[in-house]
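Peer 1: Right, I'll just put the structure down here and ask away after.
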Amino acid sequence: MARDPETIEREIEKARNALATTLDQLGTKANPQRLADTAKNSVRAKLDEPKVKYPLIGAAVLIGVLLLRKLLK
């Protein structure tokens, strides 16, 4: 059963547009700058949580005090 050439061309164009849309979406998802921004925002959000933030501050102060003691001895 032969198909109409115009129908075949429309199907090819439809498939081409779908492929272009998919490639655009993949390009957006795999953008290195976007991935870096997402990771940076995730880390910042985690560090802003009090249960993470205050122990880190305490550890930094402790390290600072130990360094000062070592330097002043």
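The rows are residues; the columns are (1) among the basic types (Lys, Arg); (2) surrounded by 10 or more Cβ atoms within 10 Å (Cβ to Cβ).
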site	(1), (2)
Ala15	no, yes
Ala18	no, yes
Thr21	no, yes
Lys29	yes, no
Lys40	yes, yes
Arg44	yes, no
Pro50	no, no
Pro55	no, yes
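Peer 1: Let me ask something else about it. Would you confirm, using the coordinates I've provided, whether Leu71 is assigned to a helix (DSSP H, G or I), among the hydrophobic types (A, V, I, L, M, F, W, C) and surrounded by 10 or more Cβ atoms within 10 Å (Cβ to Cβ)?
Peer 2: Values: assigned to a helix (DSSP H, G or I): yes; among the hydrophobic types (A, V, I, L, M, F, W, C): yes; surrounded by 10 or more Cβ atoms within 10 Å (Cβ to Cβ): no.
No; evaluated as a whole, the condition is false for this residue.
A quick yes/no check of all residues on (1) among the acidic types (Asp, Glu); (2) assigned to a loop (DSSP other than H, G, I, E, B); (3) more than 11 Å from the chain's Cα centre (by Cα); (4) at pLDDT below 90:
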| residue | (1), (2), (3), (4) |
| --- | --- |
| Ala2 | no, yes, yes, yes |
| Glu11 | yes, no, yes, no |
| Ala20 | no, no, yes, no |
| Asp37 | yes, no, no, no |
| Lys46 | no, no, yes, no |
| Lys51 | no, no, yes, no |
| Pro55 | no, no, yes, no |
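The values are calculated or read from the model by the stated rules, or taken from the named source; none is laboratory data. What you see is a predicted model, and the numbers here were worked out from it, not measured in a lab. Methodologically, a virtual Cβ is constructed for each residue, glycine included, from the backbone with ideal geometry; neighbour enumeration extends over all protein chains shown.
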